[in-house]
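Input: a single structure, listed below in structure tokens.
The values are calculated or read from the model by the stated rules, or taken from the named source; none is laboratory data. Being a predicted model, the structure only gives us computed values, none of them experimental. All Cβ positions, glycine included, derive from the backbone under ideal geometry; neighbour counts span all protein chains shown.
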Amino acid sequence: MARILLLDTHDSFDVLRNVLESLGHAVVSGQSTVLASLDAVFCSGDDPDCKLIVKSLNMLRPSLPVVVVTAKPECIRWLEALEAGAANYCSAPFSAAQLGFILESLPNTARRYSASGLVHSNVFAPNRTPGRYTANRAKQ
């Protein structure tokens, strides 16, 4: 089970929360959450300050993966999020399979999936250098 912070209150984030909780993750929200206790952060790509939020979180805790979520799947937003340092990007509608794949590709949450037997045989994960990806073979 991963501890995930949601940095938004839009209706789509209610759906996101429900799907993440159905996968067995602890979902928290609010500004008072301690970053050290988190495994991942989901923030809104529709927020005008999205790039600043991603960069700030990466400066405060570089090992904390940030996933940018948007209601408008646009290639330029996806590229901007990754260039800012986001670990991944996804858009609504959210499915358990989509979010499960994203979470198992994140460094802080992948080990939780391998212990539960939910790991796919081949996972693409960011190597924390914006815009560069490496293929990692997950153990089953």
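Flag: residue 5 matches the condition of being assigned to a strand (DSSP E or B) and not polar (S, T, N, Q). Considering only the range 8-48, state which residues are closer than 20 Å to residue 92 by Cβ and assigned to a loop (DSSP other than H, G, I, E, B). Answer for the range 8-48, where residues must be closer than 20 Å to residue 92 by Cβ and assigned to a loop (DSSP other than H, G, I, E, B): 8, 9, 10, 23, 25, 45, 46, 47, 48. Among the residues making up the range 48-71, a single one is surrounded by fewer than 17 Cβ atoms within 10 Å (Cβ to Cβ) and in contact with a strand residue (DSSP E or B) (Cβ under 8 Å, 6 or more places away or on another chain): 71. Filter the range 60-85 for residues that are closer than 22 Å to residue 17 by Cα, in contact (Cβ under 8 Å) with a residue 40 or more places away in the chain and either in a helix (DSSP H, G or I) or small (Gly, Ala, Ser) (or both) and give the result. Scanning the range 60-85 gives a single hit, 71. Looking only at the range 25-36, decide whether some residue is under 13 Å from residue 7 (Cα atoms), among the aliphatic types (A, V, I, L, M) and at pLDDT 90 or above. Scanning the range 25-36, I find at least one residue that is under 13 Å from residue 7 (Cα atoms), among the aliphatic types (A, V, I, L, M) and at pLDDT 90 or above, so the answer is yes. Of the residues making up the range 30-59, those that are of a type in the set (Ser, Thr, Tyr) and either in contact (Cβ under 8 Å) with a residue 60 or more places away in the chain or closer than 26 Å to residue 79 by Cα (or both) are 44, 56.
Scanning the range 49-59 for residues that are in a helix (DSSP H, G or I), over 15 Å from the mean Cα position of the chain (by Cα) and of a type outside the set (A, V, I, L, M, F, W, C) yields one hit, 56. Among residues belonging to the range 1-29 that are in contact (Cβ under 8 Å) with a residue 60 or more places away in the chain and more than 15 Å from residue 104 (Cβ to Cβ), point out the one that is surrounded by the most Cβ atoms within 10 Å (Cβ to Cβ). Of everything passing the filter in the range 1-29, 16 is surrounded by the most Cβ atoms within 10 Å (Cβ to Cβ).
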